[in-house]
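These notes concern the structure reproduced below.
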Amino acid sequence: MGVEEKLAELGIELPLAEVGPNYYGTRYGKMKPHYEYGKLLLLSGQTAGVERDGTVRFPGRVGRSVSVGDARKAARQTGINCIAAIKNAVGDLDRVVGIARVLNFVACDVDFTEPHIVASAMTDLFVDVFGEEIGIAPRATIGVTSLADDYCFETWVTVEVA
């Protein structure tokens, strides 16, 4: 079963990824949505995004104003947005042969010591979509005091493509 069929089976609809001058990341400074280096695809930082009215999804700090459950939803949605960005960059998700590296940031209260539990929701999604061999990556998760626009989760993903 191909990745697109797996997404459909899971009921996941990918959002449209904006590129070029409309890429949302440029509101945070000069950057590209992705960069290809040989077989590696490096994505710019990804978040859960915004609602139709422009409000940030899951704003705040985990352990203070955001529950672990909601932060895990943010991480999962961020993973979906990553998959959309990958598709936008390479066209065919079946070209993904590995998630090479993942660096996660969880905005959290200073007493929150389990950001890895939040990040695992994104890893679980990648495994559901790509399978264990491709979906499990070397990973680090760092608790931080704040992220742009008050997002509670952001990630930086590097993908190997065929």
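The values are calculated or read from the model by the stated rules, or taken from the named source; none is laboratory data. Worth saying up front: this structure is predicted, and the values here are computed from it rather than measured. Every residue, glycine as well, gets a Cβ built from its backbone with ideal geometry; the counts of neighbours run over all protein chains shown.
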Would you be able to tell me the number of residues in the stretch 21-78 that are in contact with a helix residue (DSSP H, G or I) (Cβ under 7 Å, 6 or more places away or on another chain) and of a type in the set (Val, Ile, Thr)? 5
Restricting to the stretch 37-75, give me the number of residues that are crowded, with 20+ Cβ neighbours inside 10 Å and under 13 Å from Met122 (Cα atoms). 7
Scan the stretch 138-158 and tell me whether some residue there is surrounded by fewer than 17 Cβ atoms within 10 Å (Cβ to Cβ), in contact with a helix residue (DSSP H, G or I) (Cβ under 6 Å, 6 or more places away or on another chain) and more than 27 Å from Ala8 (Cα to Cα). yes
Select from the stretch 39-54 the residues that are under 18 Å from Glu13 (Cβ atoms) and not in a loop (DSSP other than H, G, I, E, B) and write down the one among them that is modelled with the lowest pLDDT. Val50
Counted residues, the stretch 1-38 - those being modelled with pLDDT of 95 or more and of a type in the set (Lys, Arg): 1
Exclusive hit being of a type outside the set (Gly, Ala, Ser) and either surrounded by fewer than 21 Cβ atoms within 10 Å (Cβ to Cβ) or more than 17 Å from the chain's Cα centre (by Cα) (or both), set Val96, Val90: Val90
